[in-house]
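Enquirer: I'd like to ask some things about the structure below.
The values are calculated or read from the model by the stated rules, or taken from the named source; none is laboratory data. In this text, all values refer to a predicted model and were calculated from it rather than measured experimentally. Here the Cβ positions follow ideal geometry from the backbone for every residue, glycine too, while neighbour counts run over all protein chains shown.
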């Protein structure tokens, strides 16, 4: 699991977590405040995503070709219990489109199952084709839990990060990322352990959580 290594950041997080119980008790109040947030969208504009890696086949012939092009899996592997040398199989990989006017072949999100390539957590890789070559524009140690319609052709992403702040004590950050200058950038922390962030804490929590994500190398 990813460990918090910066002591000062951990202290800030500890102080914040002390307020989370108050935030949780005020979920309904903070939900009302969310209506006025410019970065939030109506419920029917968000697509919630749950990836169970329980599919037996890909949705098209494009996905296995893309995996082969990335050389991220073993096309000859038949053992679906082998995470260290994974097969090019939907048990380990799931694709999503994120640009409205581009096909999957030219731009996609790739969610990778935990333990694949001997990495303990889920990863999300973002690729776009440039001059015929797939280029990684973002990488996250995170789980894609939702997308939102945006004013641009690139969907907003809701990413869930896991932070093991101490042995057995895992905290979840649900963060909004938006497309800027040819890649996705952190915009704000929306929830911690499914508790909404009150408006008066938003700016300070954006700074704290963004630093934790960077210090823990959950962006790469």
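Enquirer: Given the criteria assigned to a loop (DSSP other than H, G, I, E, B) and in contact with a strand residue (DSSP E or B) (Cβ under 8 Å, 6 or more places away or on another chain), does residue 72 qualify?
Expert: The answer is yes for residue 72.
Enquirer: Next up: Within the range 104-132, how many residues turn out to be over 13 Å from the mean Cα position of the chain (by Cα), touching a residue at least 24 places away in the same chain (Cβ under 8 Å) and farther than 15 Å from residue 70 by Cβ?
Expert: 3
Residue-wise test of (1) touching a helix residue (DSSP H, G or I) at 6+ places or on another chain (Cβ under 7 Å); (2) modelled with pLDDT of 95 or more; (3) more than 24 Å from residue 48 (Cβ to Cβ); (4) surrounded by fewer than 16 Cβ atoms within 10 Å (Cβ to Cβ).
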residue	(1), (2), (3), (4)
135	no, yes, yes, yes
153	no, no, no, yes
177	no, yes, no, no
187	no, yes, no, no
200	no, yes, yes, yes
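Enquirer: Can I ask one more? Just a yes or no: is a residue in the range 109-117 surrounded by fewer than 16 Cβ atoms within 10 Å (Cβ to Cβ) and over 24 Å from residue 217 (Cα atoms)?
Expert: No - not one qualifying residue is present in the range 109-117.
Enquirer: Among the candidates 165, 135, single out the residue that is free of Cβ contacts under 8 Å to residues at least 40 places away in the same chain, over 17 Å from the mean Cα position of the chain (by Cα) and not in a loop (DSSP other than H, G, I, E, B).
Expert: From the options 165, 135, the qualifying one is 135.
Enquirer: Against the condition surrounded by fewer than 18 Cβ atoms within 10 Å (Cβ to Cβ), at pLDDT below 95 and over 14 Å from the mean Cα position of the chain (by Cα), how does residue 207 come out, does it pass?
Expert: No.
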